[in-house]
Each structure stands twice: as structure tokens, then as C-alpha cells.
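Chemist: I have a structure here, written as C-alpha cells, and I will follow up with some questions on it.
The values are calculated or read from the model by the stated rules, or taken from the named source; none is laboratory data. None of these values were measured; they are calculated from a predicted model. Cβ placement follows ideal geometry from the backbone for every residue including glycine, while neighbour counts extend to all protein chains displayed. Ligands, DNA and RNA are stripped out before the accessible areas are found, and what is left, the full protein with its side chains, is counted by its heavy atoms. Shrake-Rupley method; radii C 1.70, N 1.55, O 1.52, S 1.80 Å.
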Amino acid sequence: MIQQKTLYIFLAKRTVWFWFAGKRSCLKPVSKPLNSENILEHCRKWSSSRIILFLEFPWVLTHFDITITLSSEELASFAKMRLSLANKTDTGERGVQAKQSRNSVSAENHVGGIYYKQAQPDRVGLLCATLSKECVRLKKMLSLESGVSVEVVPLVVACLPLLLKNPENKLIFKGLEQSFFLEKTNDYLTKFVELPAFENFPLEHFVSDQLPLEKTPQTFRLLPEETVNTLSENGSDTNEINEQQDVDIVQNGITMESVLAEWKGLARSPQTGFWWDSSSKYRRLKQIKLWKNLAGALILTGVVASALFYYQLQQQRKNLQQNLSSLELKLENLILNSPFILSAESEKHIEQLEILAKQLVQEAFWKQQTLQTLLSSIEGSWLEGFYFKDHNLRLELLTLEPVNAVDLFIKLSKMSETAHVQLKSQQKSRIKGHEVIRFTLAIELAPPTIKQTLNLNTQK
């Protein structure tokens, strides 16, 4: 649904289209590449509640690849690797600027992507993207100037839903200035390749030479040619209101209105829509500068864990004291109301009290001894934290090698103190440039054996 108070900007290297309140205007093409000041100057004439930028090169860089599903951290690393380090050959001035843009990608710039399902259950098509420094600067300037939210999205992402609905399996899409070759197989997007800019060479011939095809791919344009020619070439506004005849001027044309009507906005998950990653959200140990600081944090965690165990022991003692007070009250009532059966009843309650006290004390010492045994058995890993309640123990651990997690799992499973050990999760993480494995063990404690009970009684 098109929002009338939203300013939509379609932005390329030398061409920019504005769409606001049902009216379009165009600045195309200028002699020099556009910059943030050019765009900001033209946006001041509108009072919008929101700004959305649909971007082409060099404001945004894109890359398509078929891969496995990646986590948020892996997606960011994958996108930076493909877009920052890939040696793609381009010609002319664009090749120089593309190389500079790719080398200028830094950690502060956003990277993101969108997943497309594949025929193979364990594979997905990932279209990833990153913003250039100039685009990040433009977004900040627009936000400060207008005081409204500014969203950015690659133009190809907004156009792909319309292209995928087309019955053609192989086609060429011409945007504002960029061109792409798109291939579908059984309604699955299997290839999406950016095409170089040729002045006097048909893109169909290039695609046919580089990617042999059975037939010439059909070409689609973002805007019909006749509509483009009727709009301003010097930046002045046009008063054209959306009409159905614009849609049908060229058979293979895609209008801006259809793109905006199809666009559903950004999504938080890459499986449901295009998704920008923010690397700061996943740096949980950002303040830890050295490994010795990490060791200090782990020691502090151990102290906190001991405090939690002491707190649980105090709670058990409190419950024991409440039971003792209840029994004493009952004994006082018996003394007052039944003096003749005082001796028998008092002996019975004293025996129950002794049994209950013995059980509580034995269980407390058994839990303490079992917990000390399990924690002292950890080798090859660091204890990040643990949670202990009743007969269930949960260990949060860090290790440098995955095999250490497996060895610890096997070791604890064979111990007599455990009834059941389960490896709940295992994932990669990075702590100040060091790759570690974070994993969780859920342990169900085994009840004390007769031998352990005897040892506890001997200690008493």
C-alpha cells in the first residue's frame, strides 16, 4: 500500500526519481555523479513523515549466491566477504568507483540480505547488500534535516517480487542505470547477476556469450520508455498523476507505482523480507579487552554461583526452622490439652523431627558435594554460568575447540552423579577477534547411592 505522506526516492549514479503524494518528478541524467548535497537540496521542498530510499550502484552494492542458511553474525561476515573482497571486473570509471566503494566498506556500514527458497531443502539463495560511505552519509543528513525516519533498501529487492511473478524463466531487468540477468527454475530464483554497462553492445548478446542460453532472454524496464521521455530532464516537477495508461504503454515495463504497491517494508528476519544487520547487537563481551579480563569475569561468575548455592542452602535451613517451630507448637498444645499422652506423643514427634532434620541435612550436603564434584570435573572449557534447582543443573560453557564440548559431554554422562546429560545448544561466537564455541549442558542429577548416604552419615 502506497503511503501518501511518504517520500519515495529512486536513486542511481546520475539519475534520481522522486514520488510524493501521487506526483512524480525526475532529475535525469546529470553530467556528474550525484552526491548527498544534491539529493538533500531537492528534498527540502516536501514535508514528509517518512523517507524511503530505493538504491542502485554506487549507493548500494549487491551480490547473489546459493548457500546454506546463515545466522545473523554469519550473514554479516558473508556479506562483507563477498562485497568487500570479491574481485569483480568492471570497465571504465564505474570499475574504479566500484573498487573504491568495496574497499571503503567498514564495520560501521550496514550489511544485510534476503533469503530465497531453493529446490534443495538445505540450500537457500541469498541476496546480500551493503551501503557505501556516501549512502550512510546521505541517510544521516536526511534524518537530521527532516527529523523523520529514513529507510534504505536495494532497488532490486523491491522489484524482484514483480519479476518472479513473470512466466519467463530467463529475463533481463533494466533499472534506472543498472541491469541484471535473472534466471528461475521451477519458480525458484537460481541466478541473479549484475550486468556491465555497455553503450553500443546489446545486453542479450553479452548474456548469451557469458551464460549460453537456449533463447534470447526477455527484457524488462523499470519505467516504460515513453513515460521516461515525457518527464523533466532538468529536475523540474511534473504534475502527472498515476494513470492506468502508463502501465500499459510498454508491455515489458514496470512502473514505480507497481513497485511501491508491492513493497511491504523491511522485516526483522531475513526469511520474511530484506533485513539489515547491526553488528553491535551481537557483541555481548564488548568491554572485555584482554583474555585475562575474561578469566577474571569467569572467576567472578564462580563467586556468584557459590553465592547462589549458599542462598539455596539458607532457604533450606529456613524451611527446616519453620518445620521445627510448627512441631514445637504442636507439642505445646499436647502438653496443655493431653497431659496423659504427653510422653508417647512427644517421643513420636521427636522421632519425626529427627528423621526430617536428618533428611534435609543429608540432602543439602549431598547437593553441595555433587555440585563440587561436577564443577571440578570441567576440563578444556570455561564455565560462563550455571543454574541449579532441585535435581536439575544447567551449565553455560565456552571452549576453543568443538571436540572439547563433546569430550566434556561424554565425561559427565559417565559419572555416577548424573542420571542424564543433554547437549542443549552449540554455536560459534567471537570474543575480541577470537573464535570460541558457546555450548550448554543440561544435567539431571542422579539420586544419592547407598554408599554416598553412608559417607554422608559418617561425616555427620
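Chemist: Hey, can you tell me all the residues within the range 368-378 that are within 39 Å of the chain's Cα centre (by Cα) and assigned to a helix (DSSP H, G or I)? Don't jump to the end; show me each part of the working.
Modeler: Within the range 368-378, the first condition is being within 39 Å of the chain's Cα centre (by Cα), and the residues that meet it are 370-378.
Answer for the range 368-378, where residues must be within 39 Å of the chain's Cα centre (by Cα) and assigned to a helix (DSSP H, G or I): THR370, LEU371, GLN372, THR373, LEU374, LEU375, SER376.
Chemist: Check off (1) in contact with a Phe, Trp or Tyr (Cβ under 7 Å, 6 or more places away or on another chain); (2) buried (at least 19 other Cβ atoms within 10 Å of the Cβ); (3) of a type outside the set (Lys, Arg) for LEU142 and give me the number that stays unchecked.
Modeler: (1)
Chemist: Shifting gears a bit: Quick one: count up the residues across the range 174-198 that are part of a loop (DSSP other than H, G, I, E, B), touching a strand residue (DSSP E or B) at 6+ places or on another chain (Cβ under 9 Å) and among the charged types (D, E, K, R).
Modeler: Total meeting the criteria: 0.
Chemist: Right, here's the next one. Show the residue pairs that are 6+ apart or on different chains and have beta-carbon atoms under 6 Å apart, the first residue being within the range 172-195 and over 25 Å from PRO121 (Cα atoms) and open to solvent by less than 20 Å² (accessible area, probe 1.4 Å), the second being assigned to a loop (DSSP other than H, G, I, E, B) and at pLDDT 85 or above.
Modeler: Hits for this filter: GLY175/GLU56; GLN178/GLU56; GLN178/PHE57.
Chemist: Further question on the same structure: Write out, first by first residue and then by second, each pair whose Cβ atoms fall under 9 Å of each other, whose residues are 6+ apart or on separate chains, and whose first residue, in the range 427-455, is within 19 Å of GLN372 (Cα to Cα) and surrounded by fewer than 15 Cβ atoms within 10 Å (Cβ to Cβ) while the second is aliphatic (A, V, I, L, M) and modelled with pLDDT of 85 or more.
Modeler: From residues that are within 19 Å of GLN372 (Cα to Cα) and surrounded by fewer than 15 Cβ atoms within 10 Å (Cβ to Cβ), the pairs are GLU444/LEU393; GLU444/ALA419; GLU444/VAL421; PRO447/ALA419.
Chemist: Across the range 42-75, which residue is surrounded by the most Cβ atoms within 10 Å (Cβ to Cβ) among those that are hydroxyl-bearing (Ser, Thr, Tyr), within 30 Å of ASP122 (Cα to Cα) and at pLDDT 85 or above?
Modeler: Out of the qualifying residues, it is THR62.
Chemist: Name the single residue that is farthest from GLU435 (Cα to Cα) among those in the range 380-401 being open to solvent by less than 60 Å² (accessible area, probe 1.4 Å) and out of contact with any Lys or Arg (no Cβ under 9 Å at 6 or more places or on another chain). Walk me through how you get there before you give the answer.
Modeler: As a first pass, look at the range 380-401 and keep what is open to solvent by less than 60 Å² (accessible area, probe 1.4 Å): 380-381, 383-386, 388, 393, 395-399.
Now restrict to residues that are out of contact with any Lys or Arg (no Cβ under 9 Å at 6 or more places or on another chain): 380-381, 383, 393, 395.
On the way: GLY380: 15, SER381: 14, LEU383: 16, LEU393: 26, LEU395: 20 Å.
Ranking the qualifying residues of the range 380-401, first place goes to LEU393.
Chemist: Let me ask something additional. What are the pairs with Cβ atoms under 8 angstrom where one residue, in the range 100-123, is under 26 Å from THR272 (Cβ atoms) and among the aliphatic types (A, V, I, L, M) and the other, located anywhere, is exposed (fewer than 12 other Cβ atoms within 10 Å of the Cβ) and at pLDDT 85 or above? Sequence gap at least six, or different chains.
Modeler: Short answer, once both residue conditions are applied: none.
Chemist: What are the residues in the range 379-427 that are assigned to a loop (DSSP other than H, G, I, E, B) and over 25 Å from PRO448 (Cβ atoms), if any?
Modeler: Let us first name the residues in the range 379-427 that are assigned to a loop (DSSP other than H, G, I, E, B), namely 379-381, 390-391, 400-401, 415-417.
Hits for the range 379-427 are GLY380, SER381, LEU400, GLU401.
Chemist: Kindly provide the set of residues from the range 411-453 that are under 19 Å from ARG394 (Cα atoms), within 23 Å of the chain's Cα centre (by Cα) and of a type in the set (Ser, Thr, Tyr), ordered by number.
Modeler: Answer for the range 411-453, where residues must be under 19 Å from ARG394 (Cα atoms), within 23 Å of the chain's Cα centre (by Cα) and of a type in the set (Ser, Thr, Tyr): SER425, THR440.
Chemist: At least 2 residues that are under 20 Å from the mean Cα position of the chain (by Cα) and polar (S, T, N, Q) in each: list the strands (runs of 3 or more DSSP E) lying fully within the range 16-87 that qualify. Write out each step before concluding.
Modeler: Values: elements: 16-20, 23-27, 50-55, 60-67.
Hits in the range 16-87: 60-67.
Chemist: Which count do you get for residues in the range 24-50 that are among the β-branched types (Val, Ile, Thr) and more than 13 Å from GLU134 (Cα to Cα)?
Modeler: Summing the residues that are among the β-branched types (Val, Ile, Thr) and more than 13 Å from GLU134 (Cα to Cα) in the range 24-50 gives 1.
Chemist: Also: Just to check your reading of the model, which residue among LYS184, LYS170, LYS140, LYS165 is among the basic types (Lys, Arg) and either under 24 Å from the mean Cα position of the chain (by Cα) or under 26 Å from ASP277 (Cβ atoms) (or both)? Break it down stepwise before answering.
Modeler: Values: LYS184 fails: either under 24 Å from the mean Cα position of the chain (by Cα) or under 26 Å from ASP277 (Cβ atoms) (or both); LYS170 fails: either under 24 Å from the mean Cα position of the chain (by Cα) or under 26 Å from ASP277 (Cβ atoms) (or both); LYS165 fails: either under 24 Å from the mean Cα position of the chain (by Cα) or under 26 Å from ASP277 (Cβ atoms) (or both).
The match here is LYS140.
Chemist: Would a scan of the range 199-209 turn up a residue that is surrounded by fewer than 12 Cβ atoms within 10 Å (Cβ to Cβ) and outside any loop (DSSP other than H, G, I, E, B)? Walk me through how you get there before you give the answer.
Modeler: Within the range 199-209, the first condition is being surrounded by fewer than 12 Cβ atoms within 10 Å (Cβ to Cβ), and the residues that meet it are 199-201, 205, 209.
Next cut, outside any loop (DSSP other than H, G, I, E, B) only: 205, 209.
Looking through the range 199-209, at least one residue is surrounded by fewer than 12 Cβ atoms within 10 Å (Cβ to Cβ) and outside any loop (DSSP other than H, G, I, E, B).
Chemist: Here is a check on your reading of the model: is ASP390 on the phi > 0 side of the Ramachandran plot and out of contact with any helix residue (DSSP H, G or I) (no Cβ under 7 Å at 6 or more places or on another chain)? Give the derivation first.
Modeler: Numbers: on the phi > 0 side of the Ramachandran plot: yes; out of contact with any helix residue (DSSP H, G or I) (no Cβ under 7 Å at 6 or more places or on another chain): yes.
Against the criterion (on the phi > 0 side of the Ramachandran plot and out of contact with any helix residue (DSSP H, G or I) (no Cβ under 7 Å at 6 or more places or on another chain)), ASP390 qualifies.
Chemist: Also: From the set of residues in the range 106-117 that are open to solvent by less than 30 Å² (accessible area, probe 1.4 Å) and touching a Lys or Arg at 6+ places or on another chain (Cβ under 9 Å), which is modelled with the lowest pLDDT?
Modeler: Result: ASN109.
Chemist: Something else about it: What residue, among those in the range 311-328 that are among the hydrophobic types (A, V, I, L, M, F, W, C) and closer than 13 Å to VAL361 by Cα, is modelled with the lowest pLDDT? Even if it seems obvious, please write down each step before you answer.
Modeler: Taking the range 311-328 as the starting set, the residues that turn out to be among the hydrophobic types (A, V, I, L, M, F, W, C) are 313, 320, 324, 327.
Now drop any that are not closer than 13 Å to VAL361 by Cα, which leaves 313, 320.
Working: LEU313: 81, LEU320: 84.
Residue satisfying both the conditions and the ranking: LEU313.
Yes/no per residue for (1) surrounded by 17 or more Cβ atoms within 10 Å (Cβ to Cβ); (2) at pLDDT 85 or above; (3) under 19 Å from SER179 (Cβ atoms); (4) hydroxyl-bearing (Ser, Thr, Tyr):
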residue: MET1; (1), (2), (3), (4): no, no, no, no
residue: LYS5; (1), (2), (3), (4): no, no, no, no
residue: LEU11; (1), (2), (3), (4): yes, yes, yes, no
residue: ARG14; (1), (2), (3), (4): no, yes, yes, no
residue: GLY22; (1), (2), (3), (4): no, no, no, no
residue: SER25; (1), (2), (3), (4): yes, no, no, yes
residue: VAL30; (1), (2), (3), (4): no, no, no, no
residue: ASN35; (1), (2), (3), (4): no, yes, no, no
residue: LEU40; (1), (2), (3), (4): no, yes, no, no
